[in-house]
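Visitor: One structure, as structure tokens, below. Some questions next.
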Amino acid sequence: MADDASTMPLLLGTAASFVVINLVLRRRTGSFKRDACNNSFAGTLTGSFNLLANKDSVLSRDGVKSSIEGYERLFAGARKNVGATSHDASIKTREKEYKTMVNSFYDLVTDFYEWGWGQCFHFAPRWVGETFVESIKRAEYYLALRAGLTADKKAIDVGCGVGGPMRNIQQFTGADITGVTINDYQVRVGNQYCAQKGIADKCRLIQGDFQKLPSLFDDEVFDVAYAIEATCHSPDRVACFSGVNGLLKKGGIFVGYEWIVLPERGFDSKNPDHVRIKEGIEVGNGLPTLATSAEIVKSLEDSGFEVLESFDANQNVNSKHEIPWYQTLQGSFSPRGFRMTRLGRMCTHMLVTILETLRIAPKGSIRVSSLLNATALDLVEGGEKELFTPSFFFMARKK
């Protein structure tokens, strides 16, 4: 035991030295290259290297710290005092500062998301025997099929991220798709991927605010619109959905998945524990406030849509035939899955802490890592207690 104890610090020191040396070498050689066909941040350790060697990042070394500080101010009191971010004044502040909040959030987390999740920033219902990637694509293809999207049609992706779903849907349907995201960094990354896949003529991202879609396009230019777990960021869904309505041709279809709380399954806005989980999800994902299914449907109707169908795609989450949507956040002890386990997230956070202390990672990286680790726990707890779903499906038609 004494020999083991004396060897352990040496092993840890050697491992830490290996990490630091590789990080420095990679940063100096600029070895990071984006890959549209694979995860650009693949591998728990090499992915960490690439996060730091990423020359595409829009944030300077000092920019990370100032950006996370500004973001945290919009959620003052979050995770310290239950209810602190649920009162009207707090929500209205985030609604007012929506553009800054969401843009700052995605400047900070886009590469972390891609490292941990891939190019498609969303959840999905999953059958037993189905891989994570298969479930993600199936959820996307389902929207395309329900909307009747084909090669002769034009579609808009409302809140497209780096465009992972858009590229999958384009290759599946042959349609012409334009994605809109508020974040310029995501536009640059996504268009690189479209070019690498040889579909830039049929699939492109533009920078814009989905609250102001009429300023970006002429009226009635799209056959189909879809939104995948994106309009939960909206400070005013009627304004957002009305903009979508104006871009669609008469009879055009709007489909999507929304993040919602589930009072029909037990969520109680007066229960402090439920509020704690809801607020944790909001602060960790840049959301003004989570809506209910009834509020989503009403917003669509008030925006000039006829709601044809709506349901929680995760309604059978406890079926023996399904894998819970949140299980991926719990991870597995596999080369790819380990990073999403609680232990894996702790190891990553420890690595980020060491690198920031050594001034290799930018100041503020620890706080970003802490934010994402905490919200993973909130999402899992919200899913296990069926207080929350990220996959409220809706299908609506322009009147």
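Visitor: What relative contact order, as a whole-number percentage, does region 89-177 give when Cα pairs under 8 Å and 6 or more residues apart are counted?
Guide: After rounding, I find 25 percent.
Visitor: Within region 264-309, what whole-number % of the accessible surface is contributed by carbon and sulfur, with the 1.4 Å probe and all protein chains included in the calculation?
Guide: Looking at region 264-309 in its full context, I get 49 percent from C and S.
Visitor: How big is region 105-209 by the Kirkwood estimate over distinct Cα pairs, in Å?
Guide: Averaging 1/r across every pair of different Cα atoms and inverting gives 13.9 Å.
Visitor: Which value, in Å² and to the nearest 10, is the accessible area of K249 when all protein chains are kept and the probe is 1.4 Å?
Guide: 80
Visitor: Hey, got a sec? Which trypsin sites (Lys or Arg not before Pro) in region 257-335 land in a DSSP loop and have at most 10 other Cβ atoms within 10 Å?
Guide: Taking region 257-335 and a limit of 10 other Cβ atoms within 10 Å, the loop trypsin sites (Lys or Arg not before Pro) found are K270, K320.
Visitor: Any idea what the dipole of region 218-309 comes to, in debye rounded to 20, about its Cα centre with Lys/Arg Cβ at +1 and Asp/Glu Cβ at -1?
Guide: Working: 8 positive and 17 negative charges, 51 e Å.
Roughly 240 debye for region 218-309.
Visitor: For region 128-280, what does the accessible surface come to per residue with a 1.4 Å probe? Please give it in Å².
Guide: On a per-residue basis, region 128-280 sits at 36 Å².
Visitor: A 32 angstrom limit on the alpha carbon distance is what I want to check against. Which of K197/K385; K270/K298; K99/K137; K99/K202; K96/K399 exceed it?
Guide: Distance filter (> 32 Å) returns K197/K385.
Visitor: Counting only C-alpha contacts under 8 Å and six or more residues apart, can you give the relative contact order of region 156-222 as a whole percent?
Guide: Numbers: 92 pairs, mean separation 23.6, N = 67.
35 percent.
Visitor: So if we plug the beta-carbon distance of S269 and V128 into 1/(1 + (r/R0)^6) with R0 = 51 Å, what FRET efficiency do we get, rounded to 0.05?
Guide: It comes out at approximately 0.90.
Visitor: Let me ask you something else. Let me have the relative contact order for region 66-110, percent, based on Cα pairs under 8 Å that are six or more residues apart. Don't jump to the answer; show the numbers that get you there.
Guide: Working: 23 pairs, mean separation 20.0, N = 45.
Relative contact order, region 66-110: 44 percent.
The values are calculated or read from the model by the stated rules, or taken from the named source; none is laboratory data. Every value quoted in this text rests on a predicted model; they were computed, and no experiment measured them. Positions of Cβ are generated from backbone atoms using ideal geometry, with glycine treated the same way; all protein chains shown enter the neighbour counts. Accessible surface areas use protein heavy atoms only, side chains included; no ligands, DNA or RNA. Shrake-Rupley method; radii C 1.70, N 1.55, O 1.52, S 1.80 Å.
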